[in-house]
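Okay, structure first, notes after.
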Amino acid sequence: MKKKTTALLITLMLIFALSGCQEVATDTSMYAQAENWAYLETGKTAPADVFFLCPTVYSGEADQFNMSMDDAEGKADFLGATNMEKGIYDQDARFFAPYYQQVGLNVYELPVDEREAYLSTAYEDVKDAFTYYLEHYNDGQPIILAGFSQGADMSIRLLKDCFADENVNDLLVACYAIGWSLTEEELAEYPHLRFATGEDDTGVIVSFNSEAETVTDSLMIPSGTKTLAINPLNWTTDSTPAGKKENLGACFTDYDGNIVTEIPQLTGAYIDPVRGALKVTDVTPEEYPPVLSIFSDGVYHLYDYQFFYRNLQDNVQVRLDAYLAQQAA
């Protein structure tokens with residue numbers, strides 16, 4: 001009875017907290033429908049939840065800049081891209097991943113000031129999904145927020161918006177916002193945001209952008225910008241280099257989430273003190289080309305989580321264990 005009462009109190013506090021994020025989600029939300037979730041693991045028991053936001057899989061069309069929720073092919077790619085990363089995060093957690101009207105690659109070819117209208121459409125879905133999840137499914141569970149590329153952008157937006165309330169922020173194990181930029185200025189603007197400083201701090205953001213040593217400009221880190229980063233090999237935020245022996249394994253996965261190729265000790269890395277980029281030292285752009293035209297040679301964006309898969313997987317468990325230990329103390 002005491003456990004049920006505690007869970008009810010936590011749920012009521014969260015519902016009240018949601019007023020700072022948006023109106024409380026109701027069953028009229030499209031996220032009341034299971035088909036609008038790539039993953040909705042409500043039947044599983046685990047000590048934490050993962051709320052995952054998929055990277056860009058939609059190319060866009062001449063007159064279409066957001067993926068339709070009725071796009072069956074787009075949703076199949078969405079599920080596949082989610083599966084490629086799922087194994088990093090869900091070892092000891094329930095997994096929640098909403099479909100959303102993500103922007104197409106064509107949006108990133110627009111001038112910066114023209115992108116926001118389409119990104120806002122994507123974010124409104126993300127916020128709706130998270131609000132519905134928090135009210136109906138969370139029940140006071142610790143949250144691992146995760147996303148890559150556009151999903152990382154959406155994760156950071158969600159942190160700024162919905163985690164400003166202390167009751168929600170207290171549930172955050174960590175936010176893995178891989179492949180997107182975050183600046184000191186943003187931390188100053190949103191004081192509830194904290195960037196990771198080590199291997200096992202909690203309630204923090206983990207982020208980095210991989211590139212060759214010769215790169216000086218990219219979509220994620222435009223020239224003249226400095227982003228925050230933590231090295232996933234040695235978990236430092238300074239320029240201390242990590243050798244490839246510290247790389248537990250690069251993993252390249254398929255659309256079912258199977259590891260097709262695993263390469264232990266593929267590469268080392270260090271953080272560039274000027275750009276804040278994660279400079280990858282033991283591979284070449286010829287071996288790992290950018291594939292997409294929006295990226296130049298040496299931008300290893302598509303390999304961000306693949307190069308450091310096992311280190312990330314290990315770290316998710318380290319941070320969750322640290323969070324649970326703090327709650328038990």
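Throughout, read-outs are computed from the coordinates displayed, never taken from laboratory work. Worth saying up front: this structure is predicted, and the values here are computed from it rather than measured. So basically every Cβ, Gly included, is an ideal-geometry build from the backbone, and we count neighbours across all protein chains shown.
So here's what we get for this one:
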{"quantity": "Restraint check, Lys160/Lys226; Lys86/Lys245; Lys244/Lys279; Lys44/Lys86; Lys245/Lys279; Lys127/Lys160, Cα-Cα greater than 23 Å", "calculated": "Lys86/Lys245"}
{"quantity": "The chain - share of DSSP beta bridges that are antiparallel (%, nearest 5)", "calculated": "40 percent"}
{"quantity": "Mean Cβ neighbour count within 10 Å, used as a protection proxy, ranking 287-295, 203-211, 180-188 highest first", "calculated": "203-211, 180-188, 287-295"}
{"quantity": "Cysteines having no other Cys beta carbon under 4.7 Å from their own, within the chain", "calculated": "Cys54, Cys175, Cys251"}
{"quantity": "Calculated from backbone phi, Karplus (6.51, -1.76, 1.60) coupling profile of the range 94-108 in Hz, x at Gly/Pro", "calculated": "6, 10, 10, 9, x, 5, 8, 6, 5, 6, x, 4, 5, 5, 6"}
{"quantity": "C-alpha center-to-center spacing [the range 37-82, the range 153-172] in angstrom", "calculated": "20 Å"}
{"quantity": "Total formal charge among the other residues, if their Cβ is under 10 angstrom from that of Gly179, Lys/Arg +1 and Asp/Glu -1", "calculated": "-2"}
{"quantity": "For Gln101, distant residues with modelled amide H under 5 Å away", "calculated": "Asp125"}
{"quantity": "Karplus-derived 3J(HN,Hα), 6.51/-1.76/1.60, for each residue of the range 247-254, Hz, glycine and proline x", "calculated": "7, 6, x, 7, 10, 10, 10, 9"}
{"quantity": "Residue-wise HN-Hα coupling along the range 39-51, computed from phi with Karplus coefficients 6.51, -1.76, 1.60 (Hz; x: Gly, Pro)", "calculated": "9, 9, 8, 7, x, 9, 10, 7, x, 8, 10, 9, 10"}
{"quantity": "Charge dipole magnitude, Cβ of K and R +1, D and E -1 - the range 2-328, Cα centre, debye nearest 20", "calculated": "1040 debye"}
{"quantity": "Relative packing of peptides 31-37, 79-85 - highest average C-beta neighbours within 10 Å first", "calculated": "79-85, 31-37"}
{"quantity": "Length added when fully stretched, Ala46-Asp200, from 0.36 nm per residue minus Cα-Cα", "calculated": "53.4 nm"}
{"quantity": "Listed peptides 245-256, 313-324, 50-61 by packing density, highest first (mean Cβ within 10 Å)", "calculated": "50-61, 313-324, 245-256"}
